[in-house]
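Before any comments, here is the structure.
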Amino acid sequence: MWEYSEKVKDHFLNPRNVGEVENPDGIGEVGSLACGDALRLTFKLDENKRIKEVKFKTFGCASAIASSSALTEMIKGKTLEEAEKITNQDIANYLGGLPEEKMHCSVMGREALEAAIAHYRGQKPVKEEFEIVCKCFGVTDREIIKAIRENDLKTVEQVTYYTKAGGGCAKCHPKIEALIEKVRKEMGQGAPPPKPEKKKLSNIQKIKLIEETLGREIIPALKADGGDLELIDVEGDRVYVALRGKCSFCPSSEVTLKQYVESKLREFVSEDLVVEEVRS
Amino acid sequence: MKTVYVDNNATTKVAPEVLEAMLPYFTELYGNPSSMHFFGGQVQKKVNEAREQVADFLGADPSEIVFTSCGTESDNAAIFGTLDSYPEKRHFVTSRVEHPAVLNVCPYLERKGYRVTQVSVDREGHLDLDELKESLRDETALVSIMYANNETGVIFPIEEIGEMVKSKGIPFHVDAVQAAGKIPLNMKKSTIDMLSISGHKLHAPKGIGVLYIRKGTKFSPYIIGGHQERGRRGGTENVPYIIGLGKACELAKKNLEEENTRVRALRDYLEAKILEKIPNTLVNGDRYNRLPNTLSVSFEYVEGESILLLLSDLGICASSGSACTSGSLEPSHVLRAMGVPFTAAHGSIRFSLSIYNTKEEMDYIIEHLPPIIQKLRDISPFWKDYLKSKIKD
């Protein structure tokens, strides 16, 4: 059973502001039946451009309903500029915290607010302009980057908890990992880092460099443990390798590959490389 | 607040008779059955009796009973113990709707280089027997199929499958964790080579299970240690729990009829009333070929965890195949394998009854469930859309 705070329980059992505002100034809709949660947020402004009335309808679990209810209470009486500053963390804090696995509910609240404000301003829904990283749940790179930044996320698992991205077929995990690395690097240095001065490699140069790096940095260490690794193919930025010897039986081989081989190849060859294991 | 416990496929109450039978073995009768002295010997005698009770319940010989720590261990032991006995055979057949104790072994086996066939089910939850038949080949080491599904209660035609499997000379394992106590089991007249059961699903405590292994079945022990369980499972016997399970099996045999008459009638009553009182409600799985105690229903346009928590607030304990309850983001693998649409899969609730449930409890659920679903539908953005679309039609 989830450990929900008293405030989450209260907002779930007695949700505030349920319904739809008549003739709303802004409508924000996020999520879908397939995804398992969805939120429709509607608001109306008063003459001073403050949110006079706001209502929600939510399909989802207790924390999704509570997050929606909390959001409406938080933004009532605020100007759009003030409301815009609310982060998903603010929603979670208002509720006395959410289980980490449920943080995506607070993110859904923030996204619905953003969509409703965009709708009021006559802007296009932002989703279309960005790349969809997670196809199972339709999550864009923009949403993932924002969640990483605002919540200081470090792992793919955390990104899944906060955005749902990567919670389905898991094919997008390498992409999410790359985003985490990119964003964290930028966060560490305050401003986006200047592109490293690595010259563009031709395919042959790249393969050669990968081979050299594997031979120098990786294979000796694996061999010391009774394992080995063979480069099978390179396709664009995808590096296909097969584990040999002891490594091929090791249940932690996936971790070995991801964390060790990939980081070395990214360090010495190209930051965009993704390592995949093949069995042959 | 009263508790209405209708989550018996998750776990059951320990029968008072079972607890009573166990207690002396925590206190004065603490001997080790393997000891040479009288103090251990008297315990061994009771363990033997329990083994006979279990064997009697399964229609097996006591020597074919191996006590384990749980259903998961029984399933794992059956799979690994068989694969280990046929190292040259690298193919494993099971279904897409197994319990995680079998299901999650599949990717592990694939990583080890095994080929795994997971037979699909149709919308009613029935196995595709043609697909199963076609998947069997010389290199198939084991077929493992559950007797009845834990989420929907749908029963598989185990003997028909067994005929198919045995005609090819392939070992056949059956996970009967949910079926035991609800479907009569008789290993003497069965094609099953190995069968798993779990104590806590039939009113024994958690932490005890059984693997039945037919005489003559090749089996390599999964837990290696002492000579206990005839060398098929090392480790000092969990005496009080074994004795408790023996008693539970004796009771289960007696209660089999009640499960199939009174409990079935209660379940049918609950189902009929829910369908009558709540629109847009679907029953998941074949309603006729189903465990007598299980009811999986989907309430469209609402989400299962919300329903469970509102029920829980009234003391009603059920479970859900919704994504949110498990911490995963997708609804249950069983409902997805059956192709239950998302409108319904997220709003699925499982009620699973036991002999301890009463008609008053069913009435309590029937009284409180409709307003809960209505409340959530009023909050759901899809319900009004659905009603609007209906008016247009």
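Below, the figures for the structure above:
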item: Residue in segment B:90-112 that is touching a Gly at 6+ places or on another chain (Cβ under 7 Å), surrounded by fewer than 24 Cβ atoms within 10 Å (Cβ to Cβ) and within 14 Å of chain A (Cβ to nearest Cβ) present; result: yes
item: Selection within segment A:138-171 - within 14 Å of another protein chain (Cβ to nearest Cβ) and either buried (at least 24 other Cβ atoms within 10 Å of the Cβ) or closer than 16 Å to residue A:110 by Cα (or both); result: A:139, A:159, A:160, A:161, A:162, A:163, A:164, A:165, A:166, A:167
item: Only one of A:55, A:49, A:44 that is within 14 Å of chain B (Cβ to nearest Cβ), without any contact (Cβ under 8 Å) to a residue 40 or more places away in the chain and among the basic types (Lys, Arg); result: A:55
item: Residue within segment B:122-134 that is touching a Ser or Thr at 6+ places or on another chain (Cβ under 7 Å) and of a type in the set (A, V, I, L, M) present; result: yes
item: Test: residue in segment A:17-30 that is part of a helix (DSSP H, G or I) and either under 22 Å from the mean Cα position of the chain (by Cα) or crowded, with 17+ Cβ neighbours inside 10 Å (or both); result: no
item: Residue B:124 vs. criteria farther than 30 Å from residue B:251 by Cβ, in the same structural domain as residue B:207 (by TED's automatic domain parsing) and either modelled with pLDDT under 95 or surrounded by fewer than 20 Cβ atoms within 10 Å (Cβ to Cβ) (or both); result: yes
item: Tally, over segment A:160-180, of residues that are closer than 22 Å to residue A:265 by Cβ and without any contact (Cβ under 8 Å) to a residue 40 or more places away in the chain; result: 6
item: Of all residues making up segment A:31-57, the number that are in a strand (DSSP E or B) and surrounded by fewer than 19 Cβ atoms within 10 Å (Cβ to Cβ); result: 6
item: Among the residues listed as A:4, A:94, the single one being in contact (Cβ under 8 Å) with a residue 12 or more places away in the chain, closer than 24 Å to residue B:322 by Cα and in contact with a helix residue (DSSP H, G or I) (Cβ under 9 Å, 6 or more places away or on another chain); result: A:4
item: Qualifying position, being touching a Gly at 6+ places or on another chain (Cβ under 7 Å) and within 12 Å of chain B (Cβ to nearest Cβ), among A:32, A:68, A:63; result: A:68
item: Yes/no for residue B:355 being more than 14 Å from chain A (Cβ to nearest Cβ), under 22 Å from residue A:13 (Cβ atoms), β-branched (Val, Ile, Thr) and touching a residue at least 24 places away in the same chain (Cβ under 8 Å); result: no
item: Qualifying residue in segment B:362-382 (condition: within 22 Å of the chain's Cα centre (by Cα), buried (at least 22 other Cβ atoms within 10 Å of the Cβ) and not in a loop (DSSP other than H, G, I, E, B)); result: no
item: Segment A:5-16, subset more than 8 Å from chain B (Cβ to nearest Cβ) and part of a loop (DSSP other than H, G, I, E, B), residue nearest to residue A:77 (Cα to Cα); result: A:16
item: Matching residues, segment B:208-246, being surrounded by fewer than 22 Cβ atoms within 10 Å (Cβ to Cβ), at negative phi and assigned to a helix (DSSP H, G or I); result: B:228
item: Yes/no for residue B:141 being surrounded by 18 or more Cβ atoms within 10 Å (Cβ to Cβ) and either within 28 Å of residue B:8 (Cβ to Cβ) or hydroxyl-bearing (Ser, Thr, Tyr) (or both); result: no
item: Given (1) away from every other protein chain (no Cβ under 14 Å); (2) surrounded by fewer than 16 Cβ atoms within 10 Å (Cβ to Cβ), index of the condition residue A:88 fails; result: (2)
item: Strands (runs of 3 or more DSSP E) wholly inside segment B:54-120 that include at least 2 residues being not hydrophobic (A, V, I, L, M, F, W, C); result: B:91-95, B:115-119
item: Residues (touching a helix residue (DSSP H, G or I) at 6+ places or on another chain (Cβ under 7 Å) and more than 14 Å from chain A (Cβ to nearest Cβ)) located in segment B:358-393; result: B:359, B:362, B:365, B:366, B:369, B:370
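Yes or no, residue by residue, for (1) over 28 Å from residue B:381 (Cβ atoms); (2) of a type in the set (S, T, N, Q); (3) crowded, with 23+ Cβ neighbours inside 10 Å:
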{"position": "B:256", "(1), (2), (3)": "yes, no, no"}
{"position": "B:277", "(1), (2), (3)": "no, no, no"}
{"position": "B:294", "(1), (2), (3)": "yes, yes, yes"}
{"position": "B:306", "(1), (2), (3)": "no, yes, yes"}
{"position": "B:317", "(1), (2), (3)": "yes, no, no"}
{"position": "B:320", "(1), (2), (3)": "no, yes, yes"}
{"position": "B:335", "(1), (2), (3)": "no, no, yes"}
{"position": "B:351", "(1), (2), (3)": "no, no, yes"}
{"position": "B:356", "(1), (2), (3)": "yes, no, no"}
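The values are calculated or read from the model by the stated rules, or taken from the named source; none is laboratory data. If you're wondering where the values come from, they're calculated on a predicted model, not measured in any experiment. A quick note on method: Cβ atoms are made from the backbone with ideal geometry, for glycine too, and the neighbour counts reach across all protein chains shown.
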